[in-house]
Structure formats: C-alpha cells, structure tokens
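Down below is the structure, laid out as structure tokens.
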Amino acid sequence: MIHPAAIIRLAWAYLASHRKQSAAILIAISLAVSLPIVTSNIIDQYLQTLHTRSGNPPVMLSPRGSRFDTVLKVQYFLGEPLPSLQWQDATHILANKSLRCIPVHLLHTANDQATPVIGTVRDYFTVRGLNVQSGHLFAQAGECVVGALVDVSDDVIQTDISNPFDLSATPPLSLIVVGRLQPSGTPDDRAVFVSLDTAWILDGYGHGHDSTDQGTAAANSSVLAEATDGHRPNKSIRTIDETNRHKIHFHGDRNLYPISAILIWPNEQRDQVVLEGKYINHKSLQILRPHVEIDTIMRYVFQMNTILQRIFLLLGGVTLLLITVIIFQSLNVRKHDLETMRLLGCSRFQVFKLLGTELFLLLAGSVLLTVVVTTTLIATLPSLESLI
C-alpha cells in the first residue's frame, strides 16, 4: 500500500511535469467560474444604485432631450453634461406653493473629474434626508459641503478647469469645506455641494477682483460675451473667504443663468397631474417621472444580465467538455504507466486514488485562482456606473 503522503507527492510530480496542461485546466476553470460572478456583482451594484432614488423626487423639469441620460445625470450624477434650462424657466415653478422645488446645477467637477460639483439650495439636504456629520451646511459663495466618500485635503477642494485648452476659460476655484455629510448609501456620498451662486461663479457669470483691475473684454467663447457689462479680470479671486467676499459680483441677466433641472415634490397627486399637463406639449422643456425611466433602465439591465448568464453557461459547458476531453486523452496516454503501477503491486484502488488526488489538486488550485481572479477583477474593473 502506498502511503498517502507518497500519493500526494506522485500526483504533484505528475502535474508539475505537465505544466502547460495543468495551467490550461486551471485557467479555464477559474475564468469559467469567475466571469459570471464578476458580472453579476457589477450588475447588482448598479441595480442597487438605481434603487436608491427610484421615485425620489416624483417628477423633475428638464430641457427636452434623452430621458434616460437626463435621469441618470440628475439623479445619479452619471454621464456627460446635458443642455441647461434658464433660471427664468424656473421662477414661476419655484413660486408655486403646491410644489416643493429644488433647482440643481450639474456642469462642474473636482478631483480630476472624479467628483461632481452640485449647485443647489439648502433645502436639497432636507428633501434627500441628508444629515451633516461634522461642520455645517454652506451659507455663502465659495463654501461647500462634501459627501461622506469625498477625499479632502486641508479643508479645501479645488474644482477642475472647464476647458484646459481655452485661455479665456473660467479659472478653477478652491472651495472651502465647511461640512461633511453622514454616509447615505446614495450618489450624494461622492459629490460636492455648493450654492447656486458658487456654481454660477464657476460658470463665469460672477467673479471677484480688485477695483483697480479693469480686466479685458469678455472673449467670444465666454458666457458673458453678450453681456454689456461683461469683462474678464486680469487676476480673479481663486479662494473666496471673509477677506474678499465683498469683491464678488455678477454680470449679465440673472434670468438667463443656467440650471440643469428642477427636482419637484408635489403636495398632492392632483398638483402633479396639472404640472405634467402644462408641459406636455412644451417645445423646449419636459416633465419626467424618474421612477418610470429607471424601471425601463432596470428592465434593460435585467435582460442584459440574463443574456450574459446564458452565454456564460454555454461557455462553462464548452469548458467542461474540453477539460473532460483533455483528462480522457491524458488517461489514454498514461495507460501503459498505470498498467506498470499495477504490475508493481499497486491495487486498482490505489491507482484510482492517485488519479483522484491529481484531480483534487487541480480543483483546489482552480478554487484558489478563481478567488484571486474574481477579487482582482471586482477591484480593478470599472463598474457600470463609471462607464456611463
């Protein structure tokens, strides 16, 4: 009888002497198992993100365009910048007492475009159920509140320049962090929030400079190109604080300043119906129900997940068939070696025990490689959110 330790050594020696065959089996098994797991993990994360704001708010006002892109941008801060509506489009809705309206401005970023900068009002935190963990909410231009997952250095966060190739582009601001939000498990955890005035300063409608700085005429590409009082300072204020806040001023017609959308919570269902009817045939604006668009997106994601799982199931079957063929071919090649072992006194059970040990070592190695591959892919591959 062969000692169990000797059987393990023989099995290991055989696998080591056939490295290419063993490696091919290990890689095939690990990929066949890890890819479905990674795909399901990414899709589950995406669906969980969609669930966080399925019906909050019930409706929103936005410029006409792609309904999916608008909802993803306004609700989850995902995707490219969208067309804006003007402040004058929002004033009469904001004055409607039967609607609770929150304007949002979504054109700017920080941390090399990794962090969205959201211009809004303080009521945003109330309707979203967001609480301050430390500090306080923004109160003046140049201040910001950061989400729980936002990296901050020295209580300051610098915005990204809007266009690095445009010499007349508005310079970035160093925002003073006055508060941090509690974790909420929503996209707000990775965003920076500022007042609408701060957002419009980032647009270029407002700036600060010394009274002696007369500046130059606004460039044709500037948002103030058509403003009669518009100009570009030679040296704009980059950090707004108590010492220079009085120097901040705005140019142009405020009614024409942009916002991305208005989040709307009607007091009653009747108020929502009236609002939707008012904009049903509007040429440039639209009323969206976020939960309707999100449900549609989720159906597409479910369909995609089902198709991918079927493809992985088919690939897994093909992989299993190929591994079975490799094993049978290996046994056929080793037929004379196994027969020699029997002639030397090994029982049929010992031979099967050796083969079983080889298979166990392959499966154990596959499990270990699968864990490594799955963990690495989940940690390094971009999620569906970052691809949108």
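The values are calculated or read from the model by the stated rules, or taken from the named source; none is laboratory data. None of these values were measured; they are calculated from a predicted model. Here the Cβ positions follow ideal geometry from the backbone for every residue, glycine too, while neighbour counts run over all protein chains shown. Surface areas here come from the heavy atoms of the whole protein model, side chains and all, with no ligands, DNA or RNA. Shrake-Rupley method; radii C 1.70, N 1.55, O 1.52, S 1.80 Å.
Run the reach check for Lys97 against lysines, Cα to Cα strictly under 17 Å, same-chain hits fewer than 8 apart removed. What comes back?
Lys278
Which peptide among 133-144, 363-374 comes first, and what is the full order, when sorted by highest mean count of other Cβ atoms within 10 Å? Don't jump to the answer; show the numbers that get you there.
Working: 133-144: 17.3, 363-374: 15.5.
Descending mean neighbour count gives 133-144, 363-374.
Taking all protein chains together and a probe of 1.4 Å, list Trp200, Trp12 from the most accessible to the least accessible.
On the way: Trp200 5, Trp12 165 Å².
Result, largest first: Trp12, Trp200.
Would you tally the net charge around Asn267, using a Cβ to Cβ cut-off of less than 13 Å, leaving Asn267 out, and scoring K and R as +1, D and E as -1? All intermediate terms of the calculation are to be shown ahead of the outcome.
Details: positive: Lys97, Arg100, Arg270; negative: Glu268, Asp271.
Value of the local net charge: +1.
Can you work out the accessible area per residue across region 61-135, with the rest of the protein chains kept in place, probe 1.4 Å, in square angstrom?
Value for region 61-135: 45 Å² per residue.
Full extension from Asp112 to Met298: what is 0.36 nm times the residue separation minus their Cα-Cα distance, to one decimal in nm? Numbers along the way, then the final one.
Working: separation 186, 0.36 × 186 = 66.96 nm, distance 2.95 nm.
So the extension gain works out to 64.0 nm.
Would you list, by chain and number, the lysines whose Cα falls below 22 Å from the Cα of Lys20, excluding same-chain residues fewer than 8 positions away?
The qualifying lysines are Lys335.
Between Arg122 and Ser98, what is the label-to-label distance in nm when each label sits 7 Å out along the Cα-to-Cβ direction?
Going by the 7 Å Cα→Cβ label model, 2.9 nm.
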